[in-house]
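Notes follow once the structure below has been shown.
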Amino acid sequence: MRIGIVCYPTFGGSGVLATELGKALADKGHFVHFVTYREPVRLGGFNANIFYHEVRVPTYPLFDYPPYESALASTLVDVTLNNNLDLLHVHYAIPHASSAYLAQKILEKTEGRKIPFITTLHGTDITLVGKDKTYGPVVAFSINESDAITAVSENLREETLKTFSIEKPVHVIHNFVDVKRFQRKPIDAFRQVIAPGNEKILLHASNFRKIKRVEDVVRIFAEVRRALPAKLLMVGDGPERHMAETLCRETGYCDDIRFVGKQEQMEDILAISDLFILPSEYESFGLSALEAMAAGVPVISTDVGGLPEIVIQGETGFMGKVGDVEGMSGHAINILTNEPLLKEMSAKAKAQAKKFDIHQIVPQYEALYEKFI
């Protein structure tokens, strides 16, 4: 198949999932064309079946906000025609679904051919941005005009149906992880740099938006640090980083916290980590938690969104209520001070992650594609 994939080329879950899906499809012999404004962050490496097409948005004095949606639609028309694409798969509804719809109608009118497009919903495109009245009508229309709709969790499917009047089925195809990639042996020298006294290493990774509640990560760590020697790695960047750095100084444990920015090789960082912290206000799925589990790292998270679909309470980690710093830190201390429990949870986390292995999930997308070719 010849597949066009549209996504945000960022470290967020939708961009990561779309990129990993495209790479997996290419490995299986499909021709995959990524269409976005910048090369996706996880696209590194050469694959003869992968192509990247940059969406260029001209700037004119008339435009305070260059019309990316129109530029994307025109690029999709061009890429479809010149590469004879079989279908488009757009990730994150805004504005990708509406751009795909526009491209589809242009091709029908000018070329007499219909290019089917599938829309995968990832979370905040429905639960946050999609609920904004500024975008709502366009989001609902373009989702309904999609040839097929998928959501990355049962919870997101329910939220979508609750938020919009959807006229066709929403298929749940869970996010996935390449389990083999994340089963790395820890690099002792790397761990010694982070934890020279053999302290326990806690990890948080996100885009540092308010919804991720990074302040709770710092507060949880402060409670853990009072109970035992520990280090915290904060991976990522975003609007809440400055606030988190300020709070870290207030706790008095700033020397034990490292803000390391955006990182592509998460498998190496997870390999030296003992516990993953994800106290988000909402997660449509929790891809970062699944990657941690694939590396055998238990998860402390909130019991929101799609997280209960992957985290098994008391087995692969613990879930608590949003804002329950005391409860989550208590669970973290319990795990980190009980070596047999830590090892047991690590093994169960790996076993649970295998249910979402890339080889289990990608064929579900292929089967969906084949219905429209």
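The values are calculated or read from the model by the stated rules, or taken from the named source; none is laboratory data. Values in this document were obtained by computation on a predicted structure and should not be read as measured data. Cβ placement follows ideal geometry from the backbone for every residue including glycine, while neighbour counts extend to all protein chains displayed.
Of all the strands (runs of 3 or more DSSP E) wholly in the range 45-151, which have at least 2 residues that are β-branched (Val, Ile, Thr) and on the phi < 0 side of the Ramachandran plot?
117-121, 148-151
If you check 296, 320, 261, which single one turns out to be over 16 Å from residue 202 (Cα atoms) and either out of contact with any Phe, Trp or Tyr (no Cβ under 8 Å at 6 or more places or on another chain) or not assigned by TED's automatic domain parsing to the domain that holds residue 17 (or both)?
After ruling out the rest, the residue left standing is 320.
Restricting the search to the range 99-139, which residues are at pLDDT below 95 and within 17 Å of residue 150 (Cβ to Cβ)?
121, 122, 123, 124, 125, 126, 127, 130, 139
Kindly indicate the residue of the range 179-230 that is over 13 Å from residue 258 (Cα atoms) and of a type in the set (Val, Ile, Thr) and also surrounded by the fewest Cβ atoms within 10 Å (Cβ to Cβ) among those meeting that condition.
Per the stated criteria, the residue is 187.
How about the range 279-373: which helices (runs of 4 or more DSSP H) wholly inside it have at least 2 residues that are farther than 27 Å from residue 23 by Cβ?
Of the helices (runs of 4 or more DSSP H) lying wholly inside the range 279-373, those with at least 2 residues that are farther than 27 Å from residue 23 by Cβ span 325-336, 339-354.
Tell me which residues, restricted to the range 307-354, are crowded, with 22+ Cβ neighbours inside 10 Å and of a type in the set (S, T, N, Q).
316, 329
Pairs needed: first member in the range 17-35, touching a residue at least 12 places away in the same chain (Cβ under 8 Å) and over 20 Å from residue 182 (Cβ atoms); second member anywhere, buried (at least 18 other Cβ atoms within 10 Å of the Cβ) and hydroxyl-bearing (Ser, Thr, Tyr); C-beta distance under 7 Å; at least 6 residues apart or different chains.
Close Cβ pairs (under 7 Å, with a partner that is buried (at least 18 other Cβ atoms within 10 Å of the Cβ) and hydroxyl-bearing (Ser, Thr, Tyr)) amount to 35/75.
Of the residues 170, 152, 139, 77, only one is of a type in the set (A, V, I, L, M), over 19 Å from residue 282 (Cβ atoms) and surrounded by 14 or more Cβ atoms within 10 Å (Cβ to Cβ); which?
77
For residue 359, work out the one condition from (1) modelled with pLDDT of 95 or more; (2) exposed (fewer than 15 other Cβ atoms within 10 Å of the Cβ) it doesn't fulfil.
Single failed check for residue 359: (1).
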